[in-house]
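Reviewing the structure listed below.
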Amino acid sequence: MAKGGMIGLVNYAKEPGSVELRELPVPEIGEGDVLLKVQAVGICGSDLHQYHGKHSWGVNYPVVLGHEFSGVIESLGGRVSGFREGDRVVSETAAVLPRDSALIRQGLYNLEPGRLGFGYGVDGAMASYVKVPSRCLHHIPTTLATEVAALTEPCCVAYNAVCVNSRVQPGSAVAVIGPGPIGLLCAAMAKFAGAGHLLVVGTPSDAKRLEVASQIGADTVLGAHGEDVPAWVKNFGDGYGMDLVIDAAGVSASLQLGLEIVRPAGQITKVGWGPQPLGFSLDPLVQKAVTLQGSFSHNWPVWERVIALLATGKIDVAPMLNLVSPLADWKQAFDSMHAGEIVKGVLKP
Ligand SMILES: [Zn+2]
């Protein structure tokens, strides 16, 4: 049983740069919780947004960052069943849910407005230990490496966007706008789901990430040299456009490009956030009878399937996992991910 203190990476205020390592007490667990010894924790774009004070969601300061993690169960509350000390697990992100939420009964607790997640609502996993309700946990097989397991969460975001909320059939022409970690994982999922031609679109600052897109199987990458994307799409296939556009860019403006390159009766799935108002007409959505679909987070069946895909190597995140660092070197890791030098970094507390 862990006692005493631990080190955690704390986001303590909204002001940019308000993140530091602090000595904290080891969390006390309730009857339905486990105390997890964190083995690896992925850095998410949302951690970077909170670090830079550029997030658009409420944060319960001070809070330990980190919601993409794997670990080993250190101890368990009295009412936990199905898990034992020493079990290797990954955790979902809905740390707190209203008990009588109708969305829990629907299996859609990821969409419950009253949910609180690790890393902003409650203390997350960029620390030696994290307290986790046992309902969040999934066992992982020995074939799944700790660092790869930490990427289960973003893989689940991509799986839910591409394989659950989108219509993708073998041979579908798919475009992904925005080659950040989520966009690249969406590209990998689209490829796995049978995409015929996979196009990944970025900007000149995405040059490194677009190289990774090619490594994971994109047939065409555009944007590193300011290419004209709509012109390319007009010359592709029969010229009507892409069956499916995944908008993972994280700015509102990319939806305009999506509307331009999507095929009539096609689909745009928006997984990237963008607090800016649109500033353009949605008439192409009407005229083309396009389905505009949002996608957020993930739920239990998605986790089980993604764990199976990662454990068997059917989805390979190696091209994206460019850095594994000790927690003490968090700042370097955050900065190089923000600069686009690496796609994804993992910290080891
Ligand atoms: Zn995330």
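The values are calculated or read from the model by the stated rules, or taken from the named source; none is laboratory data. Every value quoted in this text rests on a predicted model; they were computed, and no experiment measured them. So basically every Cβ, Gly included, is an ideal-geometry build from the backbone, and we count neighbours across all protein chains shown. These area figures cover heavy atoms from the full protein model, side chains too; ligands, DNA and RNA do not enter into them. Shrake-Rupley method; radii C 1.70, N 1.55, O 1.52, S 1.80 Å.
Applying a DSSP loop filter and a limit of 15 other Cβ atoms within 10 Å to the trypsin sites (Lys or Arg not before Pro) in the stretch 252-349 leaves K314.
Here the stretch 82-133 exposes an accessible surface that is 52 percent carbon and sulfur, computed with a 1.4 Å probe and the other protein chains kept in place. Spacing of the modelled spin labels on A253 and R167, each 7 Å from Cα toward Cβ, amounts to 3.1 nm. Solvent-accessible surface of the chain, taken per residue with a 1.4 Å probe and all protein chains present: 43 Å². Relative contact order for the stretch 204-248: 27 percent, from Cα pairs under 8 Å spaced at least 6 residues apart, divided by residue count.
When both bridge partners sit in the chain, DSSP labels roughly 55% of those beta bridges antiparallel. Counting lysine pairs in the chain whose alpha carbons fall under 14 angstrom apart, excluding pairs fewer than 8 residues apart on the same chain, gives 9. Look at where the Cα atoms of the stretch 274-349 and of the stretch 141-171 average out, and the two centres are 10 Å apart. Grouping the Cα pair distances of the chain into 10 Å bins from zero gives a pair-distance distribution of 6, 25, 34, 23, 10, 2, 0 percent in increasing distance order.
Working ranking of peptides 179-189, 236-246, 255-265 by packing, defined as the average number of other Cβ atoms within 10 Å per residue, highest first, is 179-189, 236-246, 255-265. Roughly what angle does helix 181-192 make with the longest principal axis of the chain, taking Cα atoms, 0 to 90 degrees, to the nearest 10? Compared with the principal axis, the helix lies near 70 degrees. At 1.4 Å probe size, with the rest of the protein present, what percent of the exposed accessible area of the stretch 151-214 is carbon and sulfur atoms? The value for the stretch 151-214 is 55 percent carbon and sulfur by accessible area. In the stretch 129-255, Cα pairs under 8 Å separated by at least six residues give a relative contact order of 25 percent. Pairs of Cα atoms nearer than 8 Å and 6+ residues apart set the relative contact order; for the chain it is 17 percent. Among the GluC sites (Glu not before Pro) within the stretch 1-104, those in coil by DSSP and having at most 15 neighbouring Cβ atoms inside 10 Å are E28, E31, E85.
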